[in-house]
Amino acid sequence: MKGNVMLKSILSKLLAVTVAVSLTACLASCGGGDSSSESKAESSSAESSSAEDSSSEPEFVPTTDEEFYEMMKIKSLVSTGNQNPMLDVIAKAKSGEEVTLAYIGGSITEGLTAGADACYAKLTTEYFTQKFGNGDNIKHVNAGLSGTPSILGTFRLERDVLQYNPDVVFIEFAVNDGSDGTYTSAYEGIIRHIYNHNPNAAVVLLFARTEDGYTAQNYMKEIGTYYNLPMISYADGLTYMFDNGKMTWKDFSDDQSHPNVEGHKVVRDMIAYYFDTVSAMEKNENDFKLSPIFLHSDSYENCHIIESDALTPENLGSWKEGSNINTFTKGWTYNKKIEGNQPLTFKLEAKNLYLLFKENKGGNLGTVNVKITSEDGTVDEKPINGITSGGWGNPTVSVLKLSQKKQTYTIEITMAEGSEEKLFEVLGFGYTLE
């Protein structure tokens with residue numbers, strides 16, 4: 001059975017009891033969710049489950065479509081991490097207390113092409129509700145936003161996720177991120193900000209892939225191992241199915257990166273396998289504790305965003321309030337009808353300072369000159385071009401100032417020479433205080 005017909009058939013069948021028994025018996029030898037990996041962090045000295053543990057017993061060899069599908073789920077579970085936070089959330093849900101599941105990521109999490117209701121995030125919350133919920137006590141927050149990497153996620157996190165005080169947060173940025181230090185620091189910053197907000201949160205890392213196999217999961221796995229977090233790689237699960245001829249990319253996706261309706265069900269099933277696995281575990285004697293030591297950098301820890309509803313400019317200049325981009329409408333837009341190219345000026349207290357703006361690969365966007373004056377009189381100037389090779393009308397971030405101390409900055413933004421008749425949208429400022 002091949003293609004979508006095969007996939008739909010697998011998804012619709014209940015596994016035979018004999019299959020379930022044989023697979024359960026072989027879990028210890030499958031390289032699945034019961035192997036261990038010791039975290040380098042001080043977060044926990046407990047052993048965590050890892051999909052890469054070796055065994056002297058022979059690996060179970062599936063023969064039926066259902067067995068291959070079950071093995072895919074096993075392969076996807078990189079680690080259960082320290083199980084205690086999730087077990088506490090499950091117990092909370094079963095008791096009838098309100099539990100919130102949140103998801104932050106790019107267009108995959110947003111549900112592009114499949115729709116929000118068919119997205120893995122909504123399907124996962126529904127599964128969690130059916131398995132552990134008690135009435136209507138499970139809440140759902142989807143903070144997926146197309147085309148956004150973890151760098152932008154650090155600034156969206158507080159506004160789009162943490163304000164809802166989630167108990168569980170899934171992080172999905174593996175196909176949106178690069179692998180340089182900026183991305184690694186930002187990804188780590190998201191994790192640390194969640195735990196600084198709620199030390200009892202359960203954070204789960206989800207790794208995607210594209211048709212050509214791209215994924216940033218390698219560095220993400222390093223960070224997940226360091227903090228002893230649950231990790232689910234649907235990249236690894238899919239690759240296993242592709243390599244064994246049990247699924248093709250077209251079964252999973254209608255483009256190069258986004259799951260289709262059936263594909264989102266596959267991702268949901270991998271996450272459900274993690275829930276099933278961890279819910280059968282006993283609590284670890286070592287509770288999760290966030291290490292005070294960074295694996296990479298603190299540049300993106302506890303990031304905040306400020307927009308026009310909370311920041312009044314010292315001088316509006318040749319700009320008008322408001323911006324025109326999905327979820328970022330509270331910015332400032334250059335108004336070329338106001339003569340003189342007068343600066344948009346702010347005073348803002350921060351340690352590290354970032355500019356959020358709109359980018360595109362074509363159109364009438366121009367370049368701005370940003371002048372940052374520190375408290376000691378030091379002046380930094382930076383040109384920022386709204387035209388980029390990878391832009392498509394999306395929000396993005398640029399570093400304005402990295403400092404060792406909190407101070408009040410004066411920020412002046414003007415259109416660069418030659419851009420006076422063009423457009424530019426400032427979406428807001430990102431900043432840290434610590």
Inset, instruction - Provide a single number: the residues in the range 416-434 that are of a type in the set (D, E) and touching a strand residue (DSSP E or B) at 6+ places or on another chain (Cβ under 6 Å). - result: 1
Inset, instruction - Name every residue in the range 350-375 that is touching a Lys or Arg at 6+ places or on another chain (Cβ under 6 Å) and among the charged types (D, E, K, R), in order of residue number. - result: K351
Legend entry - Residue among L157, L123 that is in a helix (DSSP H, G or I), more than 23 Å from L356 (Cα to Cα) and hydrophobic (A, V, I, L, M, F, W, C): L123
Inset, instruction - Mind telling me which of the residues S403, S419 ends up being out of contact with any Phe, Trp or Tyr (no Cβ under 7 Å at 6 or more places or on another chain), outside any strand (DSSP E or B) and under 21 Å from E339 (Cβ atoms)? - result: S419
Inset, instruction - Might you let me know whether the range 418-429 holds any residue that is surrounded by 16 or more Cβ atoms within 10 Å (Cβ to Cβ) and of a type in the set (D, E)? - result: yes
Inset, instruction - Just give me the residues in the range 356-396 being closer than 17 Å to I325 by Cα and among the charged types (D, E, K, R), in sequence order. - result: K358, E359, K361
Inset, instruction - Pick out, from the range 280-373, the strands (runs of 3 or more DSSP E) lying fully within it that include 1 or more residues that are within 28 Å of the chain's Cα centre (by Cα) and surrounded by 15 or more Cβ atoms within 10 Å (Cβ to Cβ). - result: 304-306, 332-334, 344-350, 352-360
Legend entry - Failed condition for S179, given (1) assigned to a helix (DSSP H, G or I); (2) small (G, A, S); (3) touching a Phe, Trp or Tyr at 6+ places or on another chain (Cβ under 8 Å): (1)
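A short reminder: the numbers here are calculations on the coordinates, not readings from a lab. Since the structure is predicted, the reported quantities are computational estimates derived from the model, not experimental observations. We place every Cβ from the backbone using ideal geometry, glycine too, and count neighbours over all the protein chains shown.
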